[in-house]
1. If a residue must be modelled with pLDDT of 90 or more and surrounded by fewer than 14 Cβ atoms within 10 Å (Cβ to Cβ), how many such residues does segment 39-54 contain?
2. Within segment 47-62, track down each residue that is within 14 Å of Tyr110 (Cα to Cα) and out of contact with any helix residue (DSSP H, G or I) (no Cβ under 6 Å at 6 or more places or on another chain).
3. Do we find a residue being part of a helix (DSSP H, G or I), of a type outside the set (S, T, N, Q), over 9 Å from the mean Cα position of the chain (by Cα) and closer than 13 Å to Leu37 by Cβ anywhere in segment 102-110?
4. Hey, any hits in segment 50-66 for a residue that's touching a Lys or Arg at 6+ places or on another chain (Cβ under 7 Å) and touching a residue at least 24 places away in the same chain (Cβ under 8 Å)?
5. Give me the residue from segment 83-128 that is without any contact (Cβ under 8 Å) to a residue 60 or more places away in the chain and of a type in the set (S, T, N, Q) and, out of that set, surrounded by the most Cβ atoms within 10 Å (Cβ to Cβ).
Amino acid sequence: MSAPAHAARTTGSALEWTLRLVTVAGLAVAAVVHLRLASDYQQAYPDGVGGGNLFRAEAAVAIVAGIYLLVRGSRLAYVVAFLVSLAALVAVVVTRYVDGPDLGPFPWMYEPIWFFEKSLSAIAEGVATVTAAIGVAVTGRRRDPAR
């Protein structure tokens, strides 16, 4: 193997591992924040499914997506991580700025403030969304024989 080819392969691997680890870290931070806040949100939104249960479900999905990405590192794993982190980010931003109605058994968790944990979670979800999107592009390009 020539030196430039070896260097390109090593750089690609380093980039992919960096993307993978940063995305997993973003999902992990979001999961930890949601788990820490779940009991407070269950008390604040106890009807129907309950706010705390929604937070626990989001944390579980983020953990599963993070583990899947960490183990596989495939394009599909990046797509899953992207969708999970994007959904969480959209949820926190929309419920921050939009006072909507409950959606069946799901409480509308309008909260028109930013506080440290909420901001931390939103930033982590945003970072995970961006790095997962880049991961989709990088893994797609790597596995496309036409390129």
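1. Residues flagged as modelled with pLDDT of 90 or more and surrounded by fewer than 14 Cβ atoms within 10 Å (Cβ to Cβ) within segment 39-54 amount to 2.
2. Across segment 47-62, the qualifying residue is only Leu54.
3. Step one: filter segment 102-110 for residues part of a helix (DSSP H, G or I), giving none.
No, segment 102-110 contains no residue that is part of a helix (DSSP H, G or I), of a type outside the set (S, T, N, Q), over 9 Å from the mean Cα position of the chain (by Cα) and closer than 13 Å to Leu37 by Cβ.
4. Narrowing segment 50-66 to residues touching a Lys or Arg at 6+ places or on another chain (Cβ under 7 Å): none.
Within segment 50-66, none of the residues are touching a Lys or Arg at 6+ places or on another chain (Cβ under 7 Å) and touching a residue at least 24 places away in the same chain (Cβ under 8 Å).
5. Of everything passing the filter in segment 83-128, Thr95 is surrounded by the most Cβ atoms within 10 Å (Cβ to Cβ).
The values are calculated or read from the model by the stated rules, or taken from the named source; none is laboratory data. The structure presented is a predicted model; accordingly, all values stated were derived computationally and were not measured. Ideal geometry is used to build each Cβ from the backbone, glycine not excepted, and the neighbour counts take in all protein chains shown.
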